[in-house]
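Heads up: the structure comes next, in structure tokens.
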Amino acid sequence: MTDLPAGSDLPQERRVVTAIPGPVSQELMARKQAAVADGVGTVMPVFARRAGGGVLEDVDGNSFIDFGSGIAVTSVGNSAEAVVRRATAQLQAFTHTCVMVTPYEPYVEVCERLAELTPGDHAKKSALFNSGAEAVENAVKIARTHTKRQAVVVFDHGYHGRTNLTMALTSKSMPYKHGFGPFAPEVYRVPVAYPYRWLTGPENCAEEAAAQAIDQISKQVGAANVAAIIIEPVLGEGGFIEPAKGFLPRIAEFAKENGIVFVADEIQSGFCRTGQWFACEDEGIVPDLITTAKGIAGGLPLAAVTGRAEIMDSAHSGGLGGTYGGNPVACAAALGSIETMLELDLPSRAKQIEEVMKPRLQKLAQQHGVIGDVRGRGAMLAIELVKPGTKDPNPEATAALAKSCHQQGLLVLTTGTYGNVMRFLPPLVIGEDLLNEGLDILESALTAL
């Protein structure tokens, strides 16, 4: 792995010069608490000043190794040259017309690139939105219009967003759903093949989980009533769960047999993150619809639903859209992000990151009983923390470990239905030296824990 350009003049180094948080961040946090709603939480209480490559610099001059990428958003870095160049040019031309009033070429070009890059060689069309939740919600609208059915099937540990419908689709109550109901109806949840926690063991997981899911759909919902089955090929907020091999193909086959629209939610796993352009390619799955956001535009808000042309065209004219959906500056940024991914071959880069990180994480698991499982693909990796000698979730240790990493200059994120998973999402342009230094910090924090 050779170091790649940072996209800025930001030194690619870790630097801790104050307590974390530093005095300027503390002042800004006091202002935040006075002006910003408490519901907008903060993972690490420092305020960013600059970011690029594999680091994030705060207002106190501390420089953190970035293992979060803004939750898998800045895969090409926080200030990739092509993203900045294209977005700046579009800013100078115009910032908005609303594509539903007077369209513009960047919107069309993004849809053309999505048709080329997403799985399958069938005719495809796209519609662009602002966020992952909007994309998922519109995928449901499209599937319902196409099938003339209402029921939607989702999976244990799944996360799909914070709007009313996507909260209903999401498994985890706190913090995403607690106190915000009632939720949208006609949503049904079935088991997912979670190898580490499958009661009869990982070797039986795929077959048994698929059988249970299909049985519940058939008996409790009725396959003929189901408009869409929605699943993340790698479950993100649920804990970076890779469904056991064979599970996803069987669910996709069941959907096809019963005229159900199969939706791959690739909002966190898409755009090179897992070592392929899209995670569903790992088992050769070609979804009917695929939702994307996060990594698509290098940090600007953009999302998409892409799918079979005949399904995408089911919605009537005016039925899809939104004032800001497919904003021209965000579209320009997406074209710059895709340009960077192609130029630097970022799927291969993600695989190289896995080759560096995963063996070290597995070695740490052998040395520390608090790590129950190491999993993930590409630059979408995780460790699940448990009480040593058991599989009991250990969220307390997870929170303590994250705090220790933060204090030492490593930005990490936690996740998981039980709050006991630490996830690693470094920018795909991070240097190998920073990767290893970040893992050294993690090792030190584990030893102290």
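In the set (1) touching a strand residue (DSSP E or B) at 6+ places or on another chain (Cβ under 7 Å); (2) closer than 26 Å to residue 66 by Cα; (3) assigned by TED's automatic domain parsing to the domain that holds residue 97, the condition left unmet by residue 307 is number (2). Exactly one residue among 307, 275, 299 is over 28 Å from residue 437 (Cα atoms), at pLDDT 95 or above, crowded, with 19+ Cβ neighbours inside 10 Å and within 21 Å of the chain's Cα centre (by Cα), and that residue is 307.
Of the residues 429, 412, which single one is under 30 Å from residue 104 (Cβ atoms) and under 22 Å from the mean Cα position of the chain (by Cα)? Selected residue: 429, the only one of 429, 412 that is under 30 Å from residue 104 (Cβ atoms) and under 22 Å from the mean Cα position of the chain (by Cα). Among the residues of region 398-405, at least one is modelled with pLDDT of 95 or more, under 21 Å from residue 176 (Cβ atoms) and either surrounded by 22 or more Cβ atoms within 10 Å (Cβ to Cβ) or touching a strand residue (DSSP E or B) at 6+ places or on another chain (Cβ under 6 Å) (or both). Does region 343-357 contain at least one residue that is in the same structural domain as residue 443 (by TED's automatic domain parsing), touching a strand residue (DSSP E or B) at 6+ places or on another chain (Cβ under 6 Å) and of a type outside the set (Asp, Glu)? Yes, that holds for at least one residue.
Here 36, 40, 55 are screened, and the one residue that is surrounded by 17 or more Cβ atoms within 10 Å (Cβ to Cβ) and either within 23 Å of residue 382 (Cα to Cα) or not assigned by TED's automatic domain parsing to the domain that holds residue 239 (or both) is 55.
Scanning region 241-272 for residues that are surrounded by 22 or more Cβ atoms within 10 Å (Cβ to Cβ) and acidic (Asp, Glu), we see that the one that is nearest to residue 358 (Cα to Cα) is 242. Could you tell me whether region 265-287 includes any residue that is under 15 Å from residue 124 (Cα atoms) and in a loop (DSSP other than H, G, I, E, B)? The answer is yes, given that some residue of region 265-287 is under 15 Å from residue 124 (Cα atoms) and in a loop (DSSP other than H, G, I, E, B). The residues listed here are 95, 74; of these, the one that is closer than 18 Å to residue 271 by Cα, modelled with pLDDT of 95 or more and not in a helix (DSSP H, G or I) is 74. Is it the case that residue 28 is assigned to a helix (DSSP H, G or I) and in contact (Cβ under 8 Å) with a residue 12 or more places away in the chain? Spelling it out, residue 28 is indeed assigned to a helix (DSSP H, G or I) and in contact (Cβ under 8 Å) with a residue 12 or more places away in the chain.
Here residue 80 meets each of (1) of a type in the set (A, V, I, L, M); (2) crowded, with 21+ Cβ neighbours inside 10 Å; (3) at pLDDT below 95 with one exception, condition (3).
Take the conditions of a type outside the set (Ser, Thr, Tyr) and in the same structural domain as residue 170 (by TED's automatic domain parsing) and apply them to residue 338. Does it pass? For residue 338, the condition - of a type outside the set (Ser, Thr, Tyr) and in the same structural domain as residue 170 (by TED's automatic domain parsing) - is met. Against the definition (more than 18 Å from residue 130 (Cα to Cα) and either not β-branched (Val, Ile, Thr) or not assigned by TED's automatic domain parsing to the domain that holds residue 269 (or both)), how does residue 89 come out, yes or no? Yes; evaluated as a whole, the condition is true for this residue.
The set of residues in region 37-58 being within 23 Å of residue 80 (Cβ to Cβ), over 20 Å from the mean Cα position of the chain (by Cα) and of a type in the set (A, V, I, L, M, F, W, C) consists of 46, 47, 48. When region 176-219 is filtered for residues that are farther than 26 Å from residue 421 by Cβ and among the hydrophobic types (A, V, I, L, M, F, W, C), the ones remaining, listed by number, are 184, 211, 214, 217.
Scan region 161-219 residue by residue and report those that are under 25 Å from the mean Cα position of the chain (by Cα), part of a helix (DSSP H, G or I) and touching a residue at least 24 places away in the same chain (Cβ under 8 Å). Correct list: 165, 166, 169, 195, 196, 197, 202, 205, 206, 209, 210, 213. Only one entry in 378, 438 is closer than 30 Å to residue 299 by Cβ, buried (at least 21 other Cβ atoms within 10 Å of the Cβ) and in contact with a Phe, Trp or Tyr (Cβ under 6 Å, 6 or more places away or on another chain), namely 438. If the condition is being in contact (Cβ under 8 Å) with a residue 12 or more places away in the chain and assigned to a loop (DSSP other than H, G, I, E, B), then region 109-126 contributes 118, 119, 120, 122, 123. What are the pairs with Cβ atoms under 6 angstrom where one residue, in region 133-150, is outside any helix (DSSP H, G or I) and the other, located anywhere, is surrounded by fewer than 19 Cβ atoms within 10 Å (Cβ to Cβ)? Sequence gap at least six, or different chains. What qualifies is 149/225; 150/186.
The values are calculated or read from the model by the stated rules, or taken from the named source; none is laboratory data. Keep in mind that what you see is a predicted model, and the values were worked out from it rather than measured. Backbone-built Cβ (ideal geometry, glycine too); neighbour counts: all protein chains shown.
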